[in-house]
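Read through the structure below, which is laid out as C-alpha cells, and then see the notes.
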Amino acid sequence: MVTDVRKAWTARILTLFPEMFPGPLGQSLAGKALEKGIWRLETMQIRDFAPDKHRTVDDTPFGGGAGMVMRPDVVDAALAAASADGLGPAIYLTPRGRLLTQELVGQLATGPGVVVLCGRYEGLDERVIEARGLIEVSLGDFVLSGGEPAALALIDACVRLLPGVMGAEETLDEESFTAGLLEYPHYTRPAVWNERAVPEVLMSGHHEKIKAWRQTQAEETTRSRRPDLWDAYRKRGT
Ligand code: ADE
C-alpha cells in the first residue's frame, strides 16, 4: 500500500475524450494497483483550455489539405497546466514518433510519472511540439484514430513495472534473463492435447536443461521473426 499519494507514480493524460480512461487500466493488475494507490491516473480535458466560447481546439491547415489541426495555443495552455508541478516528461503519441521500446518504458516507470498528450484530427501544430520539447512516441507502423488507445498501452506497460504491481516478481526476472529476445514458448496441462505432446525436456525436472532449451527457443524465435532484434542482441553480447 502506498500511503503518501503525492509520491505515487502519476499518469496525467491530456485528451479530448477523458471518458476513455481508466478503461482497461481500471481492471486486472493495473486496476488493482490503481485502487491500492501504487499509481495515480489524472485526465485533463484539452477543450477546457480553449479561450473562445465554442471551446474550439482545432482549425484548418495552412497550405490546405484534408482534416483539421490542433491549435498550438490551446495545447500549449493545457501542457503548461499539466507540467506546472514538474511532472514529466511530456509525451506526444503519434505515428511520426520514435518507436516505443521496453527501454523507454523502463525509464518512464522509474521516474515520477508521465504527461501524455493524445492527439486527434490530422495532427498537432508543429510549433508547440518544438516549443514544449515534446517527446514524440509511436506504438508501431500503423495509424490509430487517436492517441488514447496508445496512451492506455503505454501506461499499462509502465504500471506493470512499478514495485508491488506484479504478483510474481520472478516474471520480471525471467524477462531480464531473456532481455532483448522474444519469449520462449509456454506449455501447461494436459501433457498431451489433440495428439500434441509437450516438449520432453520440460517434463524432465532438469532445471539447467530447461533453462538452456528456453534460451535456444527464444534465440531461434527472435532470429527467424525479428532479425532487427536479433542483430541488436548479438551486437550487445560481443
Ligand atoms: N496515434 C495514432 N496512431 C498512433 C500510433 N501508431 N502510435 C501512437 N500514437 C498514435
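Only the coordinates and a few stated rules stand behind these numbers; no lab work does. Quick caveat, the model's predicted, so the values are computed rather than measured. Cβ: placed from backbone, ideal geometry, glycine included. Neighbour counts: every protein chain shown.
Checking every one of the chymotrypsin sites (Phe, Trp or Tyr not before Pro) in segment 1-85 against DSSP loop status and a limit of 16 other Cβ atoms within 10 Å picks out PHE62. Computing FRET efficiency as 1/(1 + (r/R0)^6) for THR110 and LYS211, where r is the C-beta to C-beta distance and R0 is 25 Å, gives about 0.35. What FRET efficiency comes out for ALA80 versus GLU19 if R0 is 30 angstrom and r is the Cβ-Cβ distance? Round to the nearest 0.05. Approximately 0.80, to the nearest 0.05. Couplings 3J(HN,Hα) of segment 131-145, computed from phi: 4, 9, x, 5, 8, 8, 10, 10, 7, x, 7, 7, 10, 8, 6 Hz, in residue order, whole Hz [Karplus 6.51 cos²θ - 1.76 cosθ + 1.60, θ = phi - 60°; x for Gly and Pro].
Show that you can apply the helix-only estimate: for the chain, add -39,500 (n - 2.57) for every DSSP H stretch of four or more residues, divide by all residues, and state [θ] at 222 nm to the nearest 500. Before the final figure, lay out each step's value.
Details: 8 runs with 86 residues, N = 238.
Value at 222 nm, helices only: -11000 deg cm²/dmol.
Between TRP9 and ARG40, the built amide H atoms are under 5 Å apart, and every one of these is 5 or more places off in sequence or on another chain. Determine the relative contact order of the chain: mean sequence separation of Cα pairs under 8 Å and six or more apart, normalised by residue count, in whole percent. Here the relative contact order equals 19 percent.
Could you work out the longest stretch of the chain that avoids the trypsin sites (Lys or Arg not before Pro) located in DSSP loops with at most 15 other Cβ atoms within 10 Å?
The longest uninterrupted stretch comes out as 56-238.
Near LEU124, the amide H atoms lying under 5 Å from its own belong to MET70; only residues 5 or more places off or on other chains count, and H is placed 1.01 Å from N. Please identify which residues in segment 127-166 have an amide N closer than 20 Å to a label point set 7 Å out from the Cα of ARG96, following the Cα→Cβ vector. Answer for segment 127-166: 127-151.
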